[in-house]
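Participant: A single structure is presented below for examination.
Rule-based calculations on the coordinates, nothing more; no lab input. Predicted model, so just to flag it, every value in this text is computed and none were measured. FYI the Cβ positions are ideal-geometry reconstructions off the backbone, even for glycines, and counts take in every protein chain you see.
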Amino acid sequence: MTKINDIQKNRKWQKEGDTFLKRKAQISQVFTYLMIIMIVGIIVLVGYKGIAWIMKTNCDQGGASFQKELLELIDEYSDRGSTHMQILSAPCEVTKICLADSRLCDTVGEFGDIYAYTDDSDEHKVIRSSVDDCDSNIFTLGKTTEPIGYAPKLMLKDEDAPFKCYDARSGKFRFLFRGLGRKTQVEVG
């Protein structure tokens with residue numbers, strides 16, 4: 001009988017030990033799941049930041065190539081009689097382009113000053129300052145107003161002169177360049 005009692009006690013002890021081991025296993029599973037969740041979260045966060053950085057770099061590159069290409073086209077098609085149409089994709093977040101005729105910076109200044117053609121909005125204050133100093137006469141508007149360069153050959157049609165803003169259509173600008181000799185007349189459609 002003592003042998004039976006000993007066997008029963010051993011079984012009871014094993015059951016209690018198994019319950020203890022099961023609890024311990026459950027607790028370690030919780031920590032394993034928490035670690036997995038943390039690792040997945042870190043991977044998602046790093047991936048998101050990487051994608052955001054790539055998109056920002058792509059936008060910066062797009063803006064730089066837009067600026068370079070537009071200034072080159074204005075300079076290239078100034079020969080009298082030359083005509084060229086070019087469609088350029090608007091840089092990220094750009095909704096408008098504003099052009100100021102380079103004659104605003106001429107010493108004679110047949111148009112007077114830029115203040116007569118702009119309002120007191122924040123974007124126009126940036127434009128006024130840049131045109132007054134002849135630092136820039138081409139601007140992109142989106143969340144902010146960015147001067148993108150000065151084109152000494154830029155001339156607008158008489159009805160658009162000396163300052164005009166144009167909306168992007170489907171994320172693109174269609175430019176028509178007409179050579180006038182020393183100047184390039186730019187139309188945006």
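Participant: Can you run phi through the Karplus equation (6.51, -1.76, 1.60; θ = phi - 60°) for the range 132-141 and list ³J(HN,Hα) in whole Hz, with x for Gly and Pro?
Facilitator: Whole-Hz 3J(HN,Hα) from phi for the range 132-141: 4, 8, 6, 7, 7, 9, 10, 9, 10, 10.
Participant: Let me ask another. Which cross-chain or sequence-distant (5 or more) residues have an amide H under 5 Å from the amide H of THR95, H modelled 1.01 Å from N in plane?
Facilitator: Sorted by chain and number, the residues that satisfy this are LEU141, GLY142.
Participant: Starting from the Cα of MET55, move 7 Å in the Cα-to-Cβ direction to define the label point; list residues of the range 166-185 whose amide nitrogen is under 19 Å from there.
Facilitator: Under cut-off, by backbone N: 171-172.
Participant: Determine ³J(HN,Hα), in whole Hz, for all residues of the range 50-65 in sequence, where each value follows from phi through the Karplus function 6.51 cos²θ - 1.76 cosθ + 1.60 and θ = phi - 60°; x replaces Gly and Pro.
Facilitator: Per-residue couplings from phi come out as x, 5, 4, 5, 4, 5, 5, 4, 5, 5, 4, 5, x, x, 5, 5 Hz.
Participant: Further question: Within 10 Å of each residue's Cβ, count the other Cβ atoms and sort VAL94, VAL46, VAL126, VAL131 from fewest upward.
Facilitator: Listed from fewest to most nearby Cβ atoms, that is VAL46, VAL126, VAL94, VAL131.
Participant: Out of residues 5 or more away from GLY149 or on other chains, whose amide H comes under 5 Å of its own, with H placed 1.01 Å from N in the peptide plane?
Facilitator: ASN137, ILE138
Participant: Applying 1/(1 + (r/R0)^6) with R0 = 35 Å to the Cβ-Cβ distance of ILE87 and ASP132, what FRET efficiency is obtained, to the nearest 0.05?
Facilitator: 0.65
Participant: Among 85-93, 49-57, 144-152, 166-174, how do they line up from the highest to the lowest mean number of other beta-carbon atoms within 10 Å?
Facilitator: Result, highest mean first: 144-152, 85-93, 166-174, 49-57.
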